[in-house]
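What follows is one structure encoded as structure tokens, with my remarks underneath.
Where a number appears in this text, it was derived from the coordinates with a stated rule and is not lab data. Note that the structure is predicted; figures quoted are calculated from it, not measured. Every residue, glycine as well, gets a Cβ built from its backbone with ideal geometry; the counts of neighbours run over all protein chains shown.
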Amino acid sequence: MVKFGFSVKDNREINLDEKEPFVIEAGVVDVAEVDRCIFCGACSAVCPQLFSTGLSFRKQLLSARRGLTSELKIAAGECLMCNKCQLVCPRDINIRAIWLNLLTSNI
Amino acid sequence: MNKESKVWKNYQKEIPEDHYFYVRSCIRQTFFPGAEASLLRLLRNDLNRDVFEDARHTCCTGIGYHADIIPLETIMTVMARQFSLMNEGGYSNMLVSCVTSFGLYCEVLDMWEHSPELEAKIREQLFQSTGREFDKPKHVVHGSDLVYRLRDEIKRKNVYQLINKETNQPLRVVEHVGCHYAKIFPHKSVGGAEFPEVLSGMIEAWGGEVIDYPERRHCCGFGFRHYLLQENRGYSIAQTRTKLRSMEPYQPDFILTNCPGCTMFLDRWQYTLAEMEGVTYDQKGRGIPVLSYEELAALLMGFDPWEIGLHMHQVQVEQLLDKIGIRYDPDMKYRAKNGDYMGKPAAPDVLIV
Amino acid sequence: MQFDWFVIPFVVGLVFLIGQLGRIYVPWFIKLSREEKEMIRRHWWSRRTLGAVKEIIQECLLHRRIFRINPPLGFMHLSFALGWFLLIITGKLEALFYTHDALNPLWYPLFFKYFEPGRHAFFGESVFIQLMDFWLLVILGGQSIAVVKRLWPGKVGAKKKVQHAVYNRVALMSLWAIFPLRLLAESVTVSYYGGGGFLTGTLGTLLAEVPGIERSQPVLWWAYSIALGCFFVAMPFSRYMHIPTEVLLILFRRWGIKNNLVAHTMSEVELLSCSACGMCLEVCPLNEQELVASQPVYFLERLRMGWTKPSDLWKCLNCGRCEAVCPVLVKANTIRLKEKQKVLPAITPAEGERVKIPAIGQGRLLLYSGCMGKLVPSVRQAMDVVLRHAGLDYQWLDDRGNICCGRPLLLSGQVDRGMAVLKQLENTIREIGPDILVTTCPICYNMINKYAALPFTEVLHHTEFLAGLIHDNRLKVEAHKEKLVFHDPCELGRQSGIYEQPREILRCIGRLVEPQDNKAMSRCCGGALSGLMVDMSEKVALSEATRNSLLSSGAQKIITACPLCRKTLGRQANVPVLDVAEELIRHLSLSNQETAKEKSPPERAFIS
Amino acid sequence: MKKHNTQIIIIGGGLAGLEAAKWLVQYHYKVVVMEQEKIAGGHVVNWHSLYPGGIRGDELINNIFLTKDSMVQILTNQRVTKVEKRDNFFWVHTSQGERLFAEAVLLTTGFKLFNAALKEELGYGIFPNVVTSAEVEQILASRMKPPWQLPPRKVAIIHCVGSRDMKAGNMYCSKVCCMAGVKTAIHFNQQYPMCKVYNFYMDLRMHGNSYEALYLKAQTEYGVQFIRGRVSELSADQYGRLVLKSEDTLLGKPLKLTVDVVVLMVGMEQRKGLVVSDRGKELAAFDGQHFYEPLNAYDDAHKTCLPGLFLGGACKGPMSATEVIVDARAAVQVIDQYLQNN
């Protein structure tokens, strides 16, 4: 193998042709409930963890909708379960229950 | 692409038939010198055009410009000198070989148009440093513009057609137009930036079939800043990979470009990608040949492939020559003009040569 | 003759039962930690054991606690337990008096009437016969209450009947069959041989009229024995396991073995001690709204069978009302928490350590509003006003960012991570080194108080602190005539035992009224931190019920001491819902500031 | 009741013109509607459905016609070139050289659709399966043959084509396309149940009462995916499907999607070419940068600087059908008041 001194950079593209747009299985997450999300970001803004670990339900849910689920479980393990997000959520999504379900599920 | 489409017709430029002052391309000179030589031979000898070259003309400083290492005023003064040389030869049309130069000439002229005081300043600088004065060219024309203009004339003199000799089907050609050709000033191009006509016009005129592919407008991967720094070179090759991946499913017979840099990167990175990832973007593992417009024109006019310098390409072109039915002497591939054997280069690991 | 083939089912059942008890109990003793074993050894011969015996009589036989809450239900349990117990003892004595031999077969006293029919004129025979009939009557009386309770729920005090699983019903049916069968079997024998008491004798005389009744005698005795055998076989798998296990539970508890997050044996003992009486069913706010069947009676039953669902674990408010009424004192919340822990994957607590808490300067009085502080900013503001009035120097721990105490994680079942978060908080508090830490959130208070090691810091809830300030005259307040009702937050009241301090404050500033359910029986606001899977509609229903209960006292304002309760109750309330501190600042006397400075240090000084 | 003999000319026989005519006739005015097309009804008559309720466009126009009075005179194939004010009345000139008398003139010239071919990168006119929202309305209403043979499996709806776009010369928001995009997504799903629809938007402006609910319904019931980002490149793949490139701006990542059909939600533009003169002097004061501008946007929203010349409907700016109807009715009130005082 020839050493070139550099490597091909990764493709950051979301390819919606390859990924299924929604992968959180029904049962693990109440699909009707998360469909209410309007991605306003109130949950992440109030989250104590956003400041330290960057946890964002909005980002993770949107990524999941685009078929990117690799970080879901890690994010679920970052939640402090304090429920502030639900208190401020305009669509009243039980976010920590979703994290909890993801933690206990096999996704 | 819909053949009925007339969008490109909104973008037309005036291309004079004759009397050009020719400026060369550094990259073409270095990597594909035969291509430039054949363009001049084609225009002068076969088409009897008047193309004048002044040995004193210099690099356009395009690479320096895009690498941010030369001040803008210096660049403008260098260009002004080229114009002055052109006037000295008695010409008013400029024929530019390189797409980067073409973009830069257009840009400088555009800047002068918008700020005449800048032009005045450059005139002053040029006069002070060289004692020269200049008139702006009437037409700045890229080599491919002219070949596009003369495509029917070339067709009449063609020895070969872009038709597969065995199947009698048109060859499937993907084209790549250099970014600086139309994306900076669409109105100074043939066909605009979205659906440029300059290369597809040639292909269709010479019997081939143009294949539209999703990343047709994507950069070839040169992107000066990406290529010039080794740390960034991974981005450069990633762009080329995107482009090649996109054209792969159409199984094109070759890639046609109008920019020396694009020819170079689409060609050389195929080798690098083959070494890095073990992939080639054709089915036989030989890579997709990349030709520039003048190489193609010269080939079809019956020039000898080795005279054009096709052995300078990384992806070997014999497969394409066989398809078109061009006769060539394999023995002559590695011989110099005087017949001396130059030696055969080492074969790469993955790419079949 | 002391044997007949029909005793076989009974004997088989009993032997099986004893085997099962051994299988279940022996591992418990083995699994006990060294400290726990040491504790048992130490207290074996002590007054604790005596106390345990007393409690066993009170609770296992007399069912005192159930009696207190619900007399008919208490009587039902008493009649079954005491009646059966005495029936066995009296039967044993009867056999002893008759044979003068303590060593008779197991089944002999039980089927005494069959083996020794008629009258034998031994010492005290008539007394025994009448006594045995009396105990049987007591049991049958209790049983009839049980039947009524099951068929017409609501008739015997209990509003809701427990929906038992199939195996429990089998056990129940065999239990219900035992005593009528015994009565019939004895009566038929009596009708043939004579010699029955007031119950069996009378029934025997009546049955003697029925032609061919004597032929049913072996059938009935077989049936009686089979019913007993069935019950014994079913017992280890059913709720009736509580009968033997409760005895063990009381002994263990008296010997000082605790049920906490680390010990596991006691959880299992408590699990099997649950008699599924259904007392928890009535007080559970979720059940009141007919929302979900995750009450301990169902949850523990499913846990015994290994059938727990996520809703059993996370659809619970953790309010502790069930624990408050449990006659067996089962710590259902602790058991539930441990089960959550088992379901969740292990996440290294290092995750929690990423919660960085910015250190702020030194201070003797440190205030902590917790993660909810920013969502209920008025409480913090009120505290600022109060403390400035009192002329105190203080600082807020959570001045730069949201700090979590770890309790939410703990309650969700991620105990290790919760503890790691708490450890961070603890370290920060230690760095600051305050003398007093005042939290405005009972959840944080509970967590820090219970699990944080802060030897040099006194941890107070702000109601305690404010009550102290008022008591010491460092805050002068004026009373208005408004009627105030205090809502006891679960985490403050039942779980931390603070009931009086907030009421003291309210008495000073207004007229305190009490709702129907207060203090240990106060209702959950619905916002419970642990109610992870409680839906919004359910929460709204819960807070509605709680608010109604509070307002039944005729109060004009609802006062609470928990940011979560305040937010949940206040959401759709038509009366103001305020924190104690918020209400307090409306009553601060203006002359306070001067007097506070002049006053000499009080006897019970908070700020030394 | 008093019977007026006053003639009012309404220029533009679309929704606004017809609605205004219907009400002016109720007030006993003599009304003439000038329509340049073969039939009156404007854009709306071709529309498959109108949000929020989903009424068919021709049905809505018919509703107006059903209640129309014989007093309404509709002149079709009449393009008005000039409106000329004399002392107290108007001369309305048509392209055929005719001259009509009027005491008041109401302009309800509406809008024209943005020419999507100007946004070359979106491939309209180049790829047959790239269609505009107006074409989709006609296709869904079976007034036009769809360019696709097989039922589309994936459809992309691109919002803001020619709106809020400096390059297109239109800096304003066309207002109705957001809801129309949501509505079209639902209709695609209803017509082709296996179809998956993606909406590419820059901002979604669900300003009406039931609009937000419809937006939510599109997502929950029909699984429409809303992606925030503008499609900037479009090309065909080897099967003739269209490859879109965009950025998911909420995630900050590039996004690629292959679809069968692309729908461009084209914006609204003013119809130009009407000359208004006052005593021989040409007047352009009310002809704003993009749409006709009334005297002010509040209480004189229908008057122009020329007394007797009134504005109604979408010639004042982008409006939905419901708003046009309200606006036309309001214009009637203002015209009535003007003629009473004269």
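So how do C:386-398, B:308-320 stack up, highest first, on mean other-Cβ count within 10 Å? All intermediate terms of the calculation are to be shown ahead of the outcome.
Working: C:386-398: 18.8, B:308-320: 20.5.
Going from most to least packed, we get B:308-320, C:386-398.
Simple point charges give the picture: +1 on the Cβ of Lys and Arg, -1 on the Cβ of Asp and Glu, and for chain C a dipole about the Cα centre of about 660 debye. For peptide C:531-539, the mean count of partner chain Cβ atoms within 10 Å of a residue's Cβ comes to 4.
What the phi angles of region D:172-188 give under the Karplus curve with 6.51, -1.76 and 1.60, with θ = phi - 60°, is a coupling list of 8, 8, 7, 6, 8, 5, 4, 5, 4, x, 5, 5, 4, 4, 5, 5, 4 Hz, glycine and proline written as x.
By the gyration tensor of its Cα atoms, with a ≥ b ≥ c the square roots of the eigenvalues, what is the shape of the protein assembly as shown: rounded for a/c under 1.5, prolate for a/b over b/c, or oblate? Write out the running numbers ahead of the final one.
Numbers: a/c = 2.37, a/b = 1.93, b/c = 1.23.
Prolate shape, in that a/c is at least 1.5 and a/b is the bigger ratio.
Model label points for D:Gln289 and C:Gln58, set 7 angstrom from Cα along the Cα-to-Cβ axis, are 8.7 nm apart. Cross-link reach is defined here as a Cα-Cα straight distance under 18 Å, omitting same-chain residues fewer than 8 places apart; for C:Lys37 the lysines meeting it are C:Lys258.
Rounded to 0.05, the FRET efficiency of the B:Asn48 and D:Asn77 pair, given R0 = 60 Å and the Cβ-Cβ distance, is 0.55.
Counting only residues at least eight positions apart within a chain, or on another chain, the aspartates and glutamates with an alpha carbon under 15 Å from that of D:Lys217 are A:Glu33, A:Asp35.
Helix B:260-277 and the long axis of chain B differ in direction by around 40°, with both axes built from C-alpha atoms. Going by alpha carbons, how many degrees (0 to 90, nearest 10) lie between the helix axis of D:321-341 and the longest principal axis of chain D? Between helix and principal axis, roughly 10 degrees.
Have a look at the DSSP beta bridges in region D:1-160 and tell me what percent are antiparallel, nearest 5.
Details: 10 of 24 bridges.
Of those bridges, close to 40 percent are antiparallel.
Other protein chain C-beta atoms within 10 Å of residue C-beta, averaged over D:252-260: 5.
Shown is the FRET efficiency for C:Thr49 and C:Phe456, computed with R0 = 45 Å from the Cβ-Cβ distance and rounded to the nearest 0.05: 0.70. Counting only DSSP beta bridges with both residues in the protein assembly as shown, the antiparallel share comes to about 30 percent. Cα-based radius of gyration for chain D, normalised by 2.2 N^0.38 Å, reads 1.07. From its DSSP helices (H runs of at least four residues, each -39,500 (n - 2.57)), the protein assembly as shown gives a residue-normalised ellipticity at 222 nm of -13000 deg cm²/dmol.
Candidates C:Ile88, C:Leu569, C:Gln20 compared by Cα position along the dipole of chain C: farthest toward the positive end lies C:Leu569, with charges placed on Cβ. Relative contact order for region D:130-235: 26 percent, from Cα pairs under 8 Å spaced at least 6 residues apart, divided by residue count.
Percent relative contact order of chain C, based on C-alpha pairs within less than 8 angstrom and at least six residues apart? Walk me through the intermediate numbers first.
Numbers: 954 pairs, mean separation 71.4, N = 608.
Relative contact order comes out at 12 percent.
Determine the alpha carbon to alpha carbon distance for each of A:Lys3/D:Lys253; D:Lys38/D:Lys112; A:Lys84/C:Lys331 and list only those over 22 Å. It would help to have the intermediate numbers written out before the result.
Details: A:Lys3/D:Lys253 30 Å; D:Lys38/D:Lys112 16 Å; A:Lys84/C:Lys331 28 Å.
Those over the limit are A:Lys3/D:Lys253; A:Lys84/C:Lys331.
What percent does the relative contact order of region C:49-106 come to when contacts are Cα pairs within less than 8 Å and at least six residues apart?
Values: 24 pairs, mean separation 12.7, N = 58.
Computed value for region C:49-106: 22 percent relative contact order.
Partner aspartates and glutamates whose Cα lies under 17 Å from the Cα of D:Lys85, excluding those fewer than 8 positions away in the same chain, are identified as D:Glu98, D:Glu103, D:Asp278, D:Glu282, D:Asp287. Put simply, the amide H of B:Phe52, placed in the peptide plane, has neighbours under 5 Å in B:Tyr20, B:Phe21, B:Tyr22, leaving out anything fewer than 5 places away on its chain. Left without a cysteine partner by the 4.7 Å Cβ rule in chain B: B:Cys26, B:Cys59, B:Cys60, B:Cys98, B:Cys106, B:Cys179, B:Cys219. In order along region D:92-104, phi translates into HN-Hα couplings of 10, 9, 10, 5, 7, x, 7, 10, 10, 8, 8, 8, 8 Hz, rounded to whole numbers, per the Karplus curve 6.51 cos²θ - 1.76 cosθ + 1.60 with θ = phi - 60° and x for Gly and Pro. Per-residue Karplus couplings for region D:71-88, computed as 6.51 cos²θ - 1.76 cosθ + 1.60 with θ equal to phi - 60°, are listed in order as 5, 7, 10, 10, 9, 9, 6, 10, 9, 7, 9, 8, 10, 10, 9, 9, 2, 10 Hz, Gly and Pro entered as x. Modelled spin-label separation between B:Lys165 and C:Asp101, with each label point placed 7 Å from Cα along the Cα-to-Cβ direction: 12.1 nm. Span-like helix check, chain C: qualifying full DSSP H segments, with Cα axial length of 20 Å or more and mean Kyte-Doolittle of -0.5 or more, are C:7-31, C:71-99, C:125-151, C:166-193, C:216-234, C:415-432, C:536-551. Can you compute the label reach from D:Ser232? Point 7 Å from Cα along the Cβ direction, backbone N cut-off under 13 Å, restricted to region B:204-238. Correct set: B:218-219. Compared with the dominant principal axis of the Cα atoms in chain B, helix B:233-247 is inclined by about 60°.
So how do C:Tyr114, D:Tyr338 line up by other beta-carbon neighbours within 10 Å, fewest first?
D:Tyr338, C:Tyr114
Rounded, prolate or oblate: which fits region D:116-268 when a ≥ b ≥ c are the square roots of the eigenvalues of the alpha-carbon gyration tensor, with rounded for a/c under 1.5 and prolate only if a/b beats b/c? Rounded is the answer for region D:116-268, as its axis ratio a/c remains below 1.5.
Sorted largest first, the principal axis extents computed over the alpha-carbon atoms of region C:13-244 equal 65, 47, 30 Å. Looking at the square roots a ≥ b ≥ c of the eigenvalues of the Cα gyration tensor of region B:151-334, which shape do they give, rounded for a/c under 1.5, prolate if a/b is larger than b/c, or oblate? Taking the square roots of the gyration eigenvalues as a ≥ b ≥ c, region B:151-334 is oblate.
On a 29 Å Cα-Cα criterion, which of the cross-link pairs D:Lys154/D:Lys175; B:Lys136/B:Lys157; C:Lys54/C:Lys92; B:Lys13/D:Lys256; C:Lys149/C:Lys557; B:Lys138/B:Lys183 come out too long? Intermediate results must be reported in sequence, preceding the final value.
On the way: D:Lys154/D:Lys175 25 Å; B:Lys136/B:Lys157 34 Å; C:Lys54/C:Lys92 22 Å; B:Lys13/D:Lys256 34 Å; C:Lys149/C:Lys557 40 Å; B:Lys138/B:Lys183 21 Å.
Violating the 29 Å Cα-Cα cut-off are B:Lys136/B:Lys157; B:Lys13/D:Lys256; C:Lys149/C:Lys557.
Fewest neighbouring Cβ atoms within 10 Å first, the residues B:Ser38, C:Ser311, C:Ser537 line up as C:Ser537, C:Ser311, B:Ser38.
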